[in-house]
Each structure stands twice: as structure tokens, then as C-alpha cells.
Amino acid sequence: MPERIHFDDQISRNKWKSFFLISIVFIVIVVLGYVISFAFSPDYFFSIMILSIIISIIYVLISYYNSDKIALASVGAKEAKRETHKQYYDVVEALTIASGLPMPTLYIMDSNQINAFASGRNPEHSVICITEGALDKLDRRELEGVLAHELGHVGSYDIRYMTLVAVMVGMIAIMSEIFLRSLRFRSSNEDRRGSIFVILGLVLAILAPIVVYLVQMAISRKREYVADASSVKFTRYPPGLIGALKKIKNENQTEKKIPKAVAPLFFANPFQELASTHPAIEKRIQALERM
């Protein structure tokens with residue numbers, strides 16, 4: 001029989017794994033910057049760093065403060081009314097009492113797929129959106145499990161956390177691009193030692209964005225495990241979320257209305273080809289069955 005795990009241990013374990021993964025991204029930034037500074041000059045390196053930081057922060061901050069509006073508009077969501085979606089409101093209100101989180105603004109998305117997502121820069125400015133398919137196909141305990149999962153994302157400040165990751169990943173992408181474009185202006189009379197670092201920089205500039213993208217996907221998967229464990233913490237009923245995941249597993253349809261850019265926000269991956277943004281459903285069910 002598999003060893004039982006407590007939901008608090010699962011949350012703590014995956015948060016530490018997320019911290020370890022984000023440390024890898026930071027190390028890649030340092031190593032790439034170190035190599036660039038030797039390939040050219042420290043002054044040139046600092047110029048690249050400052051430009052990369054400014055561009056990535058401006059871009060991400062705009063997205064961060066408007067993350068909920070962007071996500072909701074991209075899927076055509078509409079605000080849910082208490083008169084027509086009473087159970088939806090009742091479940092979320094009960095969960096906010098259990099979790100101690102403020103009431104989010106609730107939205108509905110027109111889709112037959114079982115799915116949901118949360119967004120917003122903090123719990124006070126959070127939104128939850130669920131599909132019509134989820135409201136139709138899930139029983140109350142399953143619906144409670146899914147919505148508690150989304151509140152788990154809100155309570156863990158996952159939008160803020162993933163924004164930090166996005167800034168760091170964006171810095172690496174911009175640093176790599178600037179470095180690669182700068183090679184054409186490098187003098188052919190540079191010393192041999194510098195040329196070695198240029199070659200190392202070239203390899204890193206090509207590989208670093210790929211590596212940090214994979215790390216970003218791994219962080220996203222760990223945050224899903226944290227939200228699953230938070231769902232159990234709020235509901236004290238793992239079978240609810242397990243039942244919802246099993247129903248999703250049995251669905252064969254993919255959602256074509258969802259832009260791929262917002263797919264990582266969703267409770268279940270809307271696209272089979274983007275499975276790396278979420279853990280496999282079987283693994284999520286196995287972890288929940290041990291709680």
C-alpha cells in the first residue's frame with residue numbers, strides 16, 4: 001500500500017521544488033551574464049542586463065496588472081449572476097469561509113469541456129471562471145473540489161509567482177537575443193580568450209531559452225500539485241477532486257476556443273500537445289489518493 005501523505009506536507013514539498021527550479025533559472029541568468037561579460041566587456045554586459053530587465057519588467061507588469069482582464073477577454077467569459085448560478089456562488093462562498101480567502105468575482109465560460117481557471121494579481125483582486133460543461137457534468141462535491149483547487153492558486157499567489165518566473169525567463173530570452181545580434185559587430189581581431197567565451201556564449205544563448213522554458217513548465221506542474229493539495233485542505237474530501245479528474249480524463253474533446261497563451265491557467269490542460277504545462281491526470285489522481 002502506498003505511503004500516506006498529508007496535504008500540508010504535499011504543499012510544502014512542492015513549494016520547495018518550485019523554489020529549487022526558480023533557482024535554476026537564476027543560475028542560468030548568472031552563468032549567461034558571466035560568459036557575455038568575458039566575451040565582450042563588463043560594461044557591455046551591464047548594458048544588456050539593464051536593457052533586458054527594463055523590457056521584461058515593463059512587458060510583464062502590464063500583463064500582471066491586467067492578467068484577469070486579458071484571460072477573461074481571451075475566452076469570452078461573462079460574469080456569473082447569483083440568480084442563474086446559485087450553486088456556483090454557494091460553493092465558492094463556503095470555500096472562502098473554509099480557506100479564509102476573500103470572495104473572488106465569478107465568471108462563466110461557454111464551453112462543453114470540464115474546466116476552470118483563476119487569475120488576478122492577489123486574493124483581493126481575484127477572479128474564478130468555470131465552464132458551463134463543468135457546471136453541467138460535475139456533482140456538487142466534484143465541483144467543490146475543482147473550485148477549491150482554483151482558490152488554492154489564489155491563496156498561493158500563483159499569478160504573482162509565475163509573473164516573477166516570467167520576468168526571469170524574459171530576461172534570458174532578451175539577453176540571448178541581444179548577444180546573438182551583437183556578434184555581427186564583434187571585431188575579428190579580438191583575442192583568443194575572448195573568442196572562446198564567444199563560442200560558449202553562443203551555445204548558452206541558444207540553449208538557455210530552451211532550458212528555462214522546460215524549467216518554467218516544470219514549475220507550472222509543481223504549482224498544480226500545490227493547488228490540488230490545497231483543494232484537499234479546504235474541502236477535507238479528496239474523492240471530490242478525484243472524481244472531477246476522472247471525468248476529465250474520460251473526455252475526448254479538446255477546446256479550440258481557448259488561446260494557447262492562457263492554457264497554463266486552466267485546471268486541466270485544454271490541449272493534448274501542451275501536456276507539459278500540467279502533470280498527467282493519472283499522477284494527480286495517484287497523489288490525491290494518498291492523502
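The numbers here are math on the coordinates, done by the rules we state, and not lab data. For clarity, every value in this text was computed on a predicted model and none was experimentally measured. Cβ placement follows ideal geometry from the backbone for every residue including glycine, while neighbour counts extend to all protein chains displayed.
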Would you calculate the separation in nanometres between label points at residue 98 and residue 46, each defined as 7 Å from the Cα along the Cα-to-beta-carbon direction? 5.4 nm
Sorting 84, 96 on the 10 Å Cβ count, fewest up front, what's the list? 84, 96
Rg to Rh ratio, the range 72-155, alpha-carbon atoms and Kirkwood radius? 0.92
Starting from the 7 Å offset along Cα-to-Cβ, what nm value, one decimal, do you get for the label separation of residue 83 and residue 183? 6.4 nm
When the dipole is taken about the Cα centre of the range 72-155, and only Lys, Arg (+1) and Asp, Glu (-1) are charged at their Cβ, what size is it in debye, to the nearest 20? 80 debye
Taking neighbour Cβ counts within 10 Å as the exposure measure, how do 136, 158, 228 sort from fewest upward? 136, 158, 228
In what order do 221, 141 fall by count of nearby beta-carbon atoms within 10 Å, going from fewest to most? 141, 221
Note the full-extension length gain between residue 236 and residue 136 as 0.36 nm times their separation in residues minus their Cα-Cα distance, in nm to one decimal. 33.7 nm
How much length, in nm to one decimal, is gained on full extension between residue 124 and residue 280, taken as 0.36 nm per residue of separation minus their Cα-Cα distance? 53.1 nm
Check residue 115: other-chain or 5+ apart residues with amide H under 5 Å from its amide H, H built from backbone geometry? 131, 134
Mind checking the full-extension length gain between residue 70 and residue 12? Use 0.36 nm per residue of separation minus the Cα-Cα distance, one decimal, nm. 17.8 nm
Integer Hz, Karplus 6.51/-1.76/1.60 couplings in order for the range 214-221, x for Gly and Pro: 5, 5, 4, 5, 5, 4, 4, 5
How big is the charge dipole of the range 55-105 about its Cα centre, in debye rounded to the nearest 20, if each Lys and Arg gets +1 on its Cβ and each Asp and Glu gets -1 on its Cβ? 120 debye
